[in-house]
Every structure is written in structure tokens, then in C-alpha cells.
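A.B. asks: Dumping the structure here so I can ask a few things about it.
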Amino acid sequence: MTALHPLRAAVIGAGPAACLLHLPILARLQRKAALVLVHVCDLNEKCAVEAQRKFGFQSHGGDAATAASRSDIDVVYVFGSAQMHYEYGLIALQNGKHIFVEKPIAPSFAEAQALAASARARSLIAVGGHNRRFYKALEVAREEAGKAGWRYAEAIAHKPGFGKTPPFGARTWLTANGIHALDVLLYMMGGFPETVAAFAGGGDPPGTFSAIMCWKNGAQGVFLCDNNAGTRREEYAFHAPGVSYSVTSDGLTINRRGRMSKIAAPIISDGFEAEHLAFLKSVREGIEPPHAISALAPSLFLAERIEANFQGTLRLPYICVPPGRAPAKGAVLVMDAESLSSPLARLLPRYRLVSLADIRDKPGPFPDVKAAVLGRGAPPLDDDILNKLPCLGAVGIAGLSLTRYRPDDLLRRGIILFNASAAYAQTVADFAFALAVLGRRRAFVSHEIMRHGGWGSTAPAKGPKGMLRQAGRRLRPAFRVAGLEPVLLQLWRKAATSAGASSVGLASRDMKGATVGLIGWGANATAFARRLHGAGARVIVWSEHTTTAELEGVAPASLNEALAADIVSLHRGLTPATRHFLGAAELARLRPGTVLINIARGALIEPNALLD
């Protein structure tokens, strides 16, 4: 390779997995003059800057779509979610670039086939990160099989993923992780099976998978994948008459008619460098390598069938070359929204995603930026940035509070603001309902009473009566033996006192039949009201900005009526007009024993009035 000019590469995605597994290899290839690392893209500017420094890229940024179409780039690597692999891979191919994408190679078999067809139509190389095809142990076993092939095979891929969401934008853990082992079966057995009996279960989405397969030549295979296991386990076994090969974390074991031998070829971290070398070689020579997307797509189709509990005869469908995609109509600025990578990737067919660095470090203006998404921890958009974005029409906040993002300045520029109230509504409603139940049942009062030696909603008495109660507790067993317990109980009841405040309404009460007054109406209040109705409570709402038609199954009320409810819950935003909305006069309208819940903003209540 060194005799030819090194290939110029752009890398999209500099997350932890890429920095651990792939970028160190690409940096070594650059030192060997096989590759030039031109540009690294990540919407997380910190990740992009660190990758540039650590692995020797010439530049960094966040606009991956533009990087994938640069004229000075030969190959594009994409390390992200399945949606990113497909969308950025397709952009790169349509701009004449060879691609390397990690697994899952695409969100679906149809999209994987579309990538393969797009590459083939342009005489480009498109590969996927299935390093198992380059395990040394599997290479030895594959050579041993020869043209006769293996007659029986087993693949096991277990992982401790119980209760965890499948990563990489995959539907299940099978396409996120177990597909490696499934692909090994197809690779080692020489192609796609003819008949399959599959089972998927272990939750929703399923986490455990089993499949029995039969090939056209009569060979059989078994696939087992338990992602709810207690430990990681990856093993393979291949059998022909008189010989068995097994591949484990220790290496390759060969048993030939009772005579055993071992080859030190551990599978941990094996195959990564080989798959990158094979990719670059195939780009140079124009020959599809073993991990071409066209070769990997059948494994994704089979995984989809296993996820669907398929049983019967299989046939790969034909996917035609996808039509050329129209250029993106605009761009979206993304700041500190790493947790939203999968949903944001769905914007890629219509919009480019750019980072703050793309805007800050280049002269403006940027009229194609139509919207911005600000994640948790993102700084507000300052005037220098806003002045470069003349067509910015909407800013979305991945949180609830808008206060720190200069909402008044944005509104003055005609920019619409969105927060994530709908996304948080169910969690907030759960918390509000828990507070309502605990408050109605006087659980907070009971907790403090028990800490001081009392029980229920009765505080421990002080003075002589208290001493009498304590003595009664100690003497009760003796009184019971002597038959004097009724006398003791009579004295006990006389010594009982209330829980520090004998106001009406301090007794524990159920939610059923309670009246709940909601002050403000929105996504949180709507979700809260549904839970209250389920508990048999009556819900009334006072809102300055909601019409009666917009209230779902609740009764409109005046502010006085809402404040007179058994439970009063605040659901308003904090503005200069609503600051200290509940003052002394409003709090005086609460009835003794009312439960007051504030899951909105603390400053809605005047603190001194609340303490009084």
C-alpha cells in the first residue's frame, strides 16, 4: 500500500466504542502511510476535539453530511447507530466514497440491501464491522472444512443485558449484539439456510433467541442467544464425520477421532485490524471482501425472521437499487444532545446535523440552519451565534425549564421555543401521584412521629401522660398475665394525645372521593389527572391559558374553587407574572389538612407566607 498514495479518510462518530476499538487501528495505519485521517465528526465537540488530538486527525467538526461529500475524501467510516450507518453511508456512497460502517449495518435488511445495491451500482466498496469473519480460529476451521464443508454447527452468544435497552438503535439485542454469532453460522456453513425454526422471548423486546437451521445440502446448525444471562459467553463448534472444532475464549480446540490438539487463537479483541486491512485492500483492488455489506445483509434478514418467531422455508427477497435522494433542505444545530442520537438520526433524510463548532469557527451567516436542539448542560445561544443564524425558527430544549436559555431574547427574535414536557410528563405524573397518596395518607407526618417513638398519626405524649404511656408499654405483658390489661388500656387511651395539631382533616384518608384542584394545565397535569381518575378522585382545573374544550375529562373551576380542594397541585411555568403566585391571601384559602403539591417551580409560592 505504501507504494500508492494513502487513502484519505473521514470518520463519523468518536464515541467510546470507536475510540476503544477502531480509531487506534486507524491511527496505526496512518503511521504506516496506508491512510490519512483527514477529518473526524461528532456532534459532541469534546469527543471530536479529543479524537483529533489523540489519533492525529487534521481537523474536526460536527457536520457529518458535508464531511461525507467532501471532494478530498476517499473513504468514510461511520461508527454510530444503525440509522446513522444507513443515512451517512448512503450519503457517502452517493458522493462516490467507499464506506465502512459498524454493526448493526442498517436498521433493517431492506436498508442494508439498499446500501449494497448503491455501492454495486457505483463500483464502490461497502463493508460492515463484523470482525468475527476475521477470527484466526475461524479461518483455520474454515480451511479445514474445505469444499466438503461442515455437517453440523453450533453458535452461542450470551450477554448480561437483562433490563437494559438494546443499544445502537437496534430493535433487539439480537441485531445489536448476537448477530455477530449468527453471521458466523452463515459464513462458516457457506450461505443462507433453507429451513429455520426460530423462537424469541424473554421480554418485550425479546432478549432470548433460539434457532434450528437446515441447509440445502442437509447440514444443520443451532443458534443460541441469551441476552439475559449472568455473564458473557461466545462459543462456536463445527462437526464433520470424525472431527470436531470448537472455538472459545481460550482459542481453538481440535478433536480428531479422540486425538485432541489446541491452537492458541483467542477470540477476544481478534479480527479488528484484519477487517480494516481487508477493507483498504479491497478499495485498492476493487474486489469485495468477506465483510462486504452484500455478504452481511442475509444475516440481518435471518435475525429479523428469528425475532418474528419464524418457522418454515426461507427465501431472500430481492431489493432494487434505491433512487437518488434529494439533498437535505436545511440544517439543525445540535448541542449536548448525545442521549438523543437515535431520534435525531431520523432527521438525516431531510436535514444535516451540525455542531456548535461548525457555526462558531466559521464566518457566517448560515441561512440553512432552521432549528436548534439543546441538550442537558448546553449553554444558551449567545448573540454572536444567533446573529449567524438569520433563519433560525425554532429552539428545542431537552428538558423542562427554559429559564437558563434566555427565552425572552429568543422570543424577541421571533424564535419558537419547545421544551420536553411531553417526554417527562409520565415520570412527573408518577411522582405527583405518589406525593398525593402519601400526603393524603399522612405518611410524612407518621414518619416523623415514628422516629420519635409514636405510632400512626399520634405523636408521643410529653410530661406525666407521656411517662404513663411509656410505663404502660413496659408493664403491658405483666398486666395481661394478671388479667388487668383492660384497665391498662383504659389508662392508655386517657393518656393519648393528638399528633401535635388537632386540626380538622389530619386523619389518614383514601384518594377515592377526594377533590383535587390543579392550578395550570399541560402535559404533566393531563397525565396526573388520568392517574387521579383511576384512583377515584374528582379533578377540577383552573388555568389562565386553556379553554374548556381543551380540558380532557376534568371540570373547569375558579381559582377559589381549586384552592378549596382536598389536594392542591401546581402545574404552572415560572415567569415574572407567576412568581410568588401563591401568597398569604391565597394560602389562607387552603382548608386545614389540605395537601399542597408543588412539582412545578419553588418560586411560585411566596416562601415566608408558606412558612407562616
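The values are calculated or read from the model by the stated rules, or taken from the named source; none is laboratory data. From a predicted model like this one, the values you see are computed outputs, not experimental measurements. Note that we place each Cβ from the backbone using ideal geometry, even for glycine, and neighbour counts take in every protein chain shown. Note: accessible area is taken over every heavy atom of the protein model, side chains too, but ligands, DNA and RNA are not part of it. Shrake-Rupley method; radii C 1.70, N 1.55, O 1.52, S 1.80 Å.
A.B. asks: Under a Cβ-only charge scheme (Lys and Arg +1, Asp and Glu -1), can you give me the dipole magnitude of segment 114-161 about the Cα centre, in debye to the nearest 20?
C.D. replies: 180 debye
A.B. asks: Do you know the relative contact order of segment 142-264, to the nearest whole percent, from alpha carbon pairs under 8 angstrom that are 6+ apart?
C.D. replies: Answer for segment 142-264 is 30 percent.
A.B. asks: Need the full-extension length gain, Lys370 to Ile599, defined as separation in residues times 0.36 nm minus the C-alpha distance. One decimal, nm.
C.D. replies: Full extension of this stretch gives 79.1 nm more.
A.B. asks: Ok, one more. Note the angle between two axes, namely the Cα long axis of helix 421-440 and the longest principal axis of the Cα atoms of the chain, as a number of degrees from 0 to 90, rounded to the nearest 10.
C.D. replies: Helix 421-440 sits at roughly 30 degrees to that axis.
A.B. asks: As an exercise, identify the GluC sites (Glu not before Pro) in segment 517-570 lying in DSSP coil whose Cβ has no more than 15 other Cβ atoms within 10 Å. Provide the component values of the computation, followed by the final result.
C.D. replies: Numbers: sites: Glu544, Glu550, Glu552, Glu561; in loops: Glu544, Glu552.
Those that pass, being in a loop and sparsely packed, are Glu544, Glu552.
A.B. asks: Report the charge-dipole magnitude of segment 528-612 in Debye, nearest 20, computed about the Cα centre from +1 at each Lys and Arg Cβ and -1 at each Asp and Glu Cβ.
C.D. replies: 200 debye
A.B. asks: Give me the angle, in degrees from 0 to 90, between the Cα long axis of helix 463-482 and the longest principal axis of the Cα atoms of the chain, rounded to the nearest 10.
C.D. replies: Around 80 degrees separate the two axes.
A.B. asks: Considering the dipole of the chain built from charges on the beta carbon (Lys and Arg +1, Asp and Glu -1) around the Cα centre, which of Phe79, Leu340, Ile105 is farthest to its positive end?
C.D. replies: Leu340
A.B. asks: Next question. Find how many whole Å separate the alpha carbon centroid of segment 518-540 from the alpha carbon centroid of segment 32-99.
C.D. replies: Taking the Cα centre of segment 518-540 as reference, the centre of segment 32-99 is 48 Å away.
A.B. asks: How big is the gap, in Å, between the Cα center of segment 337-351 and the Cα center of segment 225-244?
C.D. replies: Answer, in whole Å: 36.
A.B. asks: Right, something else. Over the chain, with the other protein chains present, what is the accessible area per residue in square angstrom, probe 1.4 angstrom? Walk me through the numbers on the way to the answer.
C.D. replies: On the way: 29430 Å² over 612 residues.
In whole numbers, the chain has 48 Å² accessible per residue.
A.B. asks: At what distance in nm do the modelled label points of Thr195 and Ala240 sit from each other, each positioned 7 Å from its Cα along Cα→Cβ?
C.D. replies: 2.4 nm
A.B. asks: Continuing with this model, one more query. With 20 Å as the limit, write out which pairs from Lys103/Lys159; Lys46/Lys362; Lys147/Lys216; Lys103/Lys370 have Cα-Cα distances beyond it, or answer none.
C.D. replies: Lys103/Lys370
A.B. asks: Below 8 Å, C-alpha to C-alpha, sequence gap of six or more: please give me the relative contact order for the chain in percent.
C.D. replies: With pairs under 8 Å counted, the relative contact order is 10 percent.
A.B. asks: Working with all protein chains in place, sort Cys47, Cys225 by solvent-accessible area computed with a 1.4 Å probe, largest first.
C.D. replies: Cys47, Cys225
A.B. asks: Give me the lysines in straight-line cross-link reach of Lys281: C-alpha distance below 17 Å, same-chain residues under 8 apart excluded.
C.D. replies: Excluding near neighbours in sequence, the set is Lys32, Lys97.
A.B. asks: How far is helix 136-145 tilted, in degrees, relative to the longest principal axis of the Cα atoms in the chain, given as a value from 0 to 90 rounded to the nearest 10?
C.D. replies: Helix 136-145 and the main axis of the chain meet at about 50 degrees.
A.B. asks: Next question. How large is ³J(HN,Hα) for each residue in segment 7-14, as worked out from phi by the Karplus curve 6.51 cos²θ - 1.76 cosθ + 1.60 (θ = phi - 60°), to whole Hz, x for Gly and Pro?
C.D. replies: Each residue of segment 7-14 in turn: 6, 9, 10, 10, 10, 10, x, 10 Hz.
A.B. asks: In deg cm²/dmol, rounded to 500, what helix-only [θ] at 222 nm does the chain give when every DSSP H run of at least 4 residues adds -39500 (n - 2.57) and the total is split over its residues?
C.D. replies: Estimated from H runs of four or more residues: -10000 deg cm²/dmol.
A.B. asks: Farthest toward the dipole's positive end in the chain, which of Ile540, Ser59, Leu410, given Cβ charges of +1 (Lys, Arg) and -1 (Asp, Glu) about the Cα centre?
C.D. replies: Of the candidates, Ile540 comes out farthest on the positive side.
A.B. asks: Same structure, new question: Of all the accessible heavy-atom surface of segment 50-141, with the other protein chains kept in place and a 1.4 Å probe, what percent is carbon and sulfur?
C.D. replies: Summing carbon and sulfur atoms, their accessible area is 46 percent of the total for segment 50-141.
A.B. asks: I'd like the chymotrypsin sites (Phe, Trp or Tyr not before Pro) in segment 90-196 restricted to DSSP loop residues with at most 15 other Cβ atoms within 10 Å, sorted by number.
C.D. replies: Phe162
A.B. asks: I'm spelling it out carefully: the read-out is Cα Rg over 2.2 N^0.38 Å, the candidates are [x] 1.31; [y] 1.19; [z] 1.00, and one was derived from this structure. Which label?
C.D. replies: Read-out from the structure maps to [x].
A.B. asks: What is segment 37-76's relative contact order, in percent, from Cα pairs under 8 angstrom and six or more apart in sequence?
C.D. replies: This gives 42 percent for segment 37-76.
A.B. asks: Another question, then. Between Arg31 and Leu590, what is the FRET efficiency for a Förster distance of 60 Å, r being their Cβ-Cβ separation, to the nearest 0.05? Write down the numbers at each step before the final one.
C.D. replies: On the way: r = 72 Å, r/R0 = 1.21.
Calculated value: 0.25.
A.B. asks: Filter the GluC sites (Glu not before Pro) in segment 114-174 down to the DSSP loop ones having no more than 13 other Cβ atoms within 10 Å, then list what survives.
C.D. replies: Sites meeting the loop and neighbour criteria: none at all.
A.B. asks: Explain nothing, just the number: dipole magnitude of the chain about its Cα centre with +1 on each Lys and Arg Cβ and -1 on each Asp and Glu Cβ, in debye rounded to the nearest 20.
C.D. replies: Using only the charged Cβ atoms, the result is roughly 1760 debye.
A.B. asks: Further question on the same structure: From the residues Cys47, Leu484, Pro290, which one has its Cα farthest along the dipole of the chain in the positive direction, the dipole being from +1 and -1 charges on Cβ of Lys/Arg and Asp/Glu about the Cα centre?
C.D. replies: Leu484
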